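These notes are about the structure you will find just below.
The values are calculated or read from the model by the stated rules, or taken from the named source; none is laboratory data. Worth saying up front: this structure is predicted, and the values here are computed from it rather than measured. In this analysis, Cβ positions are derived from the backbone assuming ideal geometry, glycine residues included, and neighbour counts consider all displayed protein chains. Just so you know, the surface numbers come from the protein's heavy atoms only, side chains and all, with ligands and any DNA or RNA stripped out. Shrake-Rupley method; radii C 1.70, N 1.55, O 1.52, S 1.80 Å.
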Amino acid sequence: MSTGSGASISVRGVGKTYQAGAGPVRALLPTDLEVAPGEFVVLLGPSGCGKTTLLRMLAGLITPTEGVIEIGGKPLFSGRSAEPSRDALGSLGFVFQAPNLMPWRKVWRNIALPLEGKGVSKAERRARVEELAASVGLSDFLDHYPKALSGGMQQRVAIARALIHHPSILLMDEPFGALDAMTRDSMNLLLQKVWMDMGKTVVLVTHSISEAVFLADRVVLLSQRPGRIQDVVDVDFARPRDLTVADDPHFGELVGRLRKQLGGHR
Ligand SMILES: Nc1ncnc2c1ncn2[C@@H]1O[C@H](COP(=O)(O)OP(=O)(O)OP(=O)(O)O)[C@@H](O)[C@H]1O
Ligand SMILES: [Mg+2]
C-alpha cells in the first residue's frame, strides 16, 4: 500500500433499494467496507450486482437507503439531508467509463473545468493543468480539441480533470472498459504510477479479473444482485508492478480463485 495522503472511506451497513416503476429493486444488501488512507481497492462482480450503485453512493451522487458512509471520518450525508457535505465532495474525484469531455473546449479547459468559479485565475488554472498534464502524459495535447485524441488519451483527460482539485479519493467506474487491451495495459501502468506518486485512496470498479488483481491492494468481490460482499482478496505483489507480474503463479492463483467464484457470470 502506498503511504499517501488519501482519506479513509468507511461504509457501514450501506444498502440501496431503488424505487422503480415495476416496484422496488434491491440493488445492494447492507454492506460494510473500510478503505484505509492511500489504499487501492477494486470492486469486482457480475453485471447488475450493484458496483456502480455503491460507487455512486460513495461519490454522493445517490443516497443510501440505509447505513452510513464516512469520508475521512466525517459523514458524507449529514442528518436526513440527501445532499452530501461540501467538504466530502471536495475530497472526491470521479472517473466514468466514458470520458464525458466537452467537445467545444480544448483539452486544457476540460481539465480545468472543476476549478472554474472557484476564484482561481486563468493563468493559475493553466499552470495547474500544465503541471498535472506532465504526470499523465498530456503535455503535448493541451491545446487540442478532444476529438483529435484517441480513446486512451481522452480517458487521460478525464483522469486529469478528476485530479485537478487535488482530491484525496479517486472513484473510478470501469474507466478503461472501452479501451483495447494494449491501451488498457498502458493505462493500468499509468494509473498505478499516478496513485503511487500522489498517494490517493482509489476505489475502482472493473469487469476484468486480471485488471483487478494487477491494480489492487484488495479485491472486493460482490455477489450477483442483490449484491453483497462474497470475498475479499488481498493482493500483496510489490510495487511498482509491471505487466510481467501476470506471469507469476500466485497471480494465476488469485485470478483462478476469483474466476471460480464468478462462475458462469463471465
Ligand atoms: N435508477 C435505477 N432505478 C432502478 N433500478 C436501478 C437503477 N440503477 C440501477 N438499478 C438496478 O440496480 C442493480 C444494480 O445496478 P448497478 O448499475 O449498480 O450494477 P453494476 O454492478 O454496476 O452493473 P454493470 O457491471 O452492468 O455496470 C441492477 O439490477 C440495475 O438494473
Ligand atoms: Mg456498473
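For segment 22-48, which residues satisfy the criterion of being part of a loop (DSSP other than H, G, I, E, B), surrounded by fewer than 17 Cβ atoms within 10 Å (Cβ to Cβ) and more than 8 Å from ligand 1 (Cβ to nearest atom)? Those that are part of a loop (DSSP other than H, G, I, E, B), surrounded by fewer than 17 Cβ atoms within 10 Å (Cβ to Cβ) and more than 8 Å from ligand 1 (Cβ to nearest atom): A22, A36. In segment 104-133, which residues are open to solvent by 70 Å² or more (accessible area, probe 1.4 Å) and closer than 20 Å to L191 by Cβ? If the condition is that a residue be open to solvent by 70 Å² or more (accessible area, probe 1.4 Å) and closer than 20 Å to L191 by Cβ, then E131 is the only one that fits.
Screening R109 on (1) outside the structural domain of A160 (by TED's automatic domain parsing); (2) of a type in the set (D, E, K, R); (3) farther than 18 Å from H166 by Cβ shows it passes everything except condition (1). Within segment 174-217, which residues are open to solvent by 10 Å² or more (accessible area, probe 1.4 Å), closer than 24 Å to P46 by Cα and not in a helix (DSSP H, G or I)? Answer for segment 174-217, where residues must be open to solvent by 10 Å² or more (accessible area, probe 1.4 Å), closer than 24 Å to P46 by Cα and not in a helix (DSSP H, G or I): E174, G177, A178, L179, D180, H207, S208, D217. What are the residues in segment 165-201 that are in contact with a Gly (Cβ under 8 Å, 6 or more places away or on another chain) and among the β-branched types (V, I, T), if any? Within segment 165-201, I169, T183, T201 meet the criteria.
State which residue is nearest to D231 (Cα to Cα) when the search covers only segment 1-21 and only residues that are outside any strand (DSSP E or B) and modelled with pLDDT under 95. Let's see the steps before the verdict.
The initial filter retains those residues of segment 1-21 that are outside any strand (DSSP E or B), namely 1-8, 21.
Filter once more, so that each one left must be modelled with pLDDT under 95: 1-7, 21.
Working: M1: 20, S2: 23, T3: 25, G4: 26, S5: 27, G6: 24, A7: 24, G21: 32 Å.
Taking the candidates together, the pick is M1.
Under the condition of being under 15 Å from the mean Cα position of the chain (by Cα), of a type in the set (A, V, I, L, M, F, W, C) and within 16 Å of ligand 1 (Cβ to nearest atom), the residues counted in segment 193-209 number 3. Within segment 49-69, does at least one residue satisfy the condition of being touching a helix residue (DSSP H, G or I) at 6+ places or on another chain (Cβ under 9 Å) and away from ligand 1 (no atom under 16 Å from the Cβ)? For segment 49-69, residues touching a helix residue (DSSP H, G or I) at 6+ places or on another chain (Cβ under 9 Å) and away from ligand 1 (no atom under 16 Å from the Cβ): absent.
Here are some residues: R56, R105. Which one is among the basic types (K, R) and closer than 17 Å to S168 by Cα? It would help to see each step written out before you state the result.
Details: R105 fails: closer than 17 Å to S168 by Cα.
The unique qualifying residue is R56.
Checking segment 41-55 against the condition returns no match, with no residue being within 16 Å of ligand 2 (Cβ to nearest atom) and farther than 25 Å from S210 by Cβ.
When segment 224-261 is examined, which residues are found to be part of a strand (DSSP E or B) and open to solvent by less than 20 Å² (accessible area, probe 1.4 Å)?
Taking segment 224-261 as the starting set, the residues that turn out to be part of a strand (DSSP E or B) are 227, 229-234.
G227, V233 - these are the residues of segment 224-261 that are part of a strand (DSSP E or B) and open to solvent by less than 20 Å² (accessible area, probe 1.4 Å).
In this structure, does L221 turn out to be over 19 Å from L92 (Cβ atoms), crowded, with 19+ Cβ neighbours inside 10 Å and within 16 Å of ligand 1 (Cβ to nearest atom)? Talk me through it step by step, then tell me what you get.
On the way: over 19 Å from L92 (Cβ atoms): yes; crowded, with 19+ Cβ neighbours inside 10 Å: yes; within 16 Å of ligand 1 (Cβ to nearest atom): yes.
Here the answer is yes, as L221 does meet what is asked.
Could you count how many residues in segment 1-15 are under 23 Å from P175 (Cα atoms) and within 16 Å of ligand 1 (Cβ to nearest atom)? Spell out the reasoning first.
Pass one, segment 1-15, residues under 23 Å from P175 (Cα atoms): 1-2, 4-11.
If we keep only those that are within 16 Å of ligand 1 (Cβ to nearest atom) too, we end up with 11.
Count: 1.
Of all residues in segment 164-199, those satisfying the criterion of being within 16 Å of ligand 2 (Cβ to nearest atom) and of a type in the set (G, A, S) are G177, A178.
A search for C-beta distances below 9 Å between a residue of segment 49-65 that is under 10 Å from F77 (Cβ atoms) and any residue that is more than 9 Å from ligand 2 (Cβ to nearest atom) and in a helix (DSSP H, G or I), counting only pairs 6+ apart in sequence or on different chains, returns G60/A88; G60/L89; T63/M57; P64/M57.
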